[in-house]
Amino acid sequence: MKAEFYRRSGSKRDHLEVNFVAYAKVNGVKLYYELQGEGEPLAFLNGIFMSTKSWSPQTKLFSKKYKVLLHDFRGQWQSDTPSGKYSFELHADDFQKLLLHLGVNKIHVVGTSYGGEVAMAFAIKYPEMVKSLTLITSVSEIHLELKLLVERWLNAANVKDPRIFITEWLADVYSEEFLKDNWDFLWPRLNEAFEVFDFNGVIRLSECFLNLKKKPLTSMLNKITAPTLIIAAGSDKIKPLMYSEIIHDQISGSELHLIDKSGHGVVIEKANELNTIVLGFLEKLNLK
């Protein structure tokens, strides 16, 4: 099933006509996607272990004002996991072709972590398609400590045991306070979800991420011309503030916000605060 888009008479905004869940065959891969709400198109791009469900604290709010597009990258959850090497440029091409499949020419892009890195690659290669860019706990390059951390995750993924895999990264992603307060809810649901996890996919995604060590995006960030919001988390053990500062320094006119007392998974830990910042950023753009 293909989504139908239309442009409202007298409006400069692209609007989506329908809400549904579907698959699209683009760039040689079948991608799972969802559409929610009405208004200007806005996409949320997943972190490496996230699914479209992970964005529920955002989609419930943003779909009241925007037509929200969610999708799983190649190698994630309900999308195909083709063989071969992945790259952020390849993910950007997948996303671009998904947008063209849906009839979208320009969109607000919000990415967290791995999704933020895809968003940067997309904004570098397809600047004309980006209405605004929001980068949450993302990096444009990898220092040694981050390389070693992700290699530890990669080793756990190769074991292909859900419980071993989850316990390897859980304390890295969330703050101790959040885990303590939400353990009884979080642990059983993660175990249930990861029973159907494609470890081959996450292995390829992790290897793709580690390529940033050899081929960073930093030197290309000056090509990004869209209004850009950068959000860091104060207790992020994976991609701390310094990585967001590197991005902020390279993207002219970008805004940098720090959300205190949150781990890397800030889109879940501090959803209300994050949503307020992102909505405020988007509203300022609409007033210009």
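Can you report the number of residues in segment 67-83 which are outside any loop (DSSP other than H, G, I, E, B) and in contact with a Ser or Thr (Cβ under 8 Å, 6 or more places away or on another chain)? Adding up the residues that qualify gives 3.
Across segment 217-238, what is the total count of residues that are in contact with a helix residue (DSSP H, G or I) (Cβ under 7 Å, 6 or more places away or on another chain) and open to solvent by less than 40 Å² (accessible area, probe 1.4 Å)?
Taking segment 217-238 and keeping what is in contact with a helix residue (DSSP H, G or I) (Cβ under 7 Å, 6 or more places away or on another chain), we get 217-218, 220-227, 229-233, 237-238.
Narrowing the set further to residues that are open to solvent by less than 40 Å² (accessible area, probe 1.4 Å) leaves 217-218, 221, 224, 226, 229-233, 238.
Of the residues in that region, 11 qualify.
State which residue is farthest from residue 250 (Cα to Cα) when the search covers only segment 177-220 and only residues that are among the polar types (S, T, N, Q) and within 20 Å of the chain's Cα centre (by Cα). Talk me through it step by step, then tell me what you get.
Keep residues of segment 177-220 that are among the polar types (S, T, N, Q), which gives 182, 191, 200, 206, 211, 218-219.
Next, only the ones that are within 20 Å of the chain's Cα centre (by Cα) stay: 200, 206, 211, 218.
Numbers: 200: 34, 206: 25, 211: 20, 218: 7 Å.
Among them, the one singled out is 200.
Selection of first residues in segment 134-155 that are open to solvent by 10 Å² or more (accessible area, probe 1.4 Å) and of second residues that are assigned to a loop (DSSP other than H, G, I, E, B), restricted to Cβ pairs under 6 Å at least 6 apart or on distinct chains, gives the following pairs, ordered by first then second residue: 141/216. Quick check: anything in segment 206-221 closer than 24 Å to residue 271 by Cβ, in a loop (DSSP other than H, G, I, E, B) and of a type in the set (A, V, I, L, M)? Scanning segment 206-221 turns up no residue that is closer than 24 Å to residue 271 by Cβ, in a loop (DSSP other than H, G, I, E, B) and of a type in the set (A, V, I, L, M).
Take residue 204 and decide whether it is basic (Lys, Arg) and touching a Gly at 6+ places or on another chain (Cβ under 9 Å). If you could, list the steps in order and put the result at the bottom.
On the way: basic (Lys, Arg): yes; touching a Gly at 6+ places or on another chain (Cβ under 9 Å): yes.
When the stated conditions are applied, residue 204 passes them.
Residue pairs whose Cβ atoms lie under 9 Å apart, sitting 6 or more positions apart in sequence or on different chains, and linking a residue in segment 242-266 that is over 15 Å from residue 228 (Cβ atoms) to a partner that is part of a strand (DSSP E or B) and modelled with pLDDT under 95, do not occur here. Scoring residue 167 on the criteria (1) open to solvent by less than 90 Å² (accessible area, probe 1.4 Å); (2) touching a residue at least 12 places away in the same chain (Cβ under 8 Å) leaves a single failure, condition (2).
Conditions: (1) without any contact (Cβ under 8 Å) to a residue 60 or more places away in the chain; (2) open to solvent by less than 10 Å² (accessible area, probe 1.4 Å); (3) in contact with a helix residue (DSSP H, G or I) (Cβ under 8 Å, 6 or more places away or on another chain). Residue 36 meets all but one. Number of the miss? The single condition residue 36 does not satisfy is (2).
Within segment 271-286, residues that are within 9 Å of residue 257 (Cβ to Cβ) reach partners that are outside any helix (DSSP H, G or I) with beta carbons closer than 6 Å, at six or more positions or on different chains, in the pairs 277/257; 281/229. Restricting attention to segment 258-282, the residues being more than 17 Å from the chain's Cα centre (by Cα) and either open to solvent by 10 Å² or more (accessible area, probe 1.4 Å) or among the aromatic types (Phe, Trp, Tyr) (or both) number 8.
The values are calculated or read from the model by the stated rules, or taken from the named source; none is laboratory data. Owing to the predicted nature of the structure, the values given are computational and were not obtained by experimental measurement. We place every Cβ from the backbone using ideal geometry, glycine too, and count neighbours over all the protein chains shown. Remember, those area values only see protein heavy atoms, side chains included, never the ligands or the DNA or RNA. Shrake-Rupley method; radii C 1.70, N 1.55, O 1.52, S 1.80 Å.
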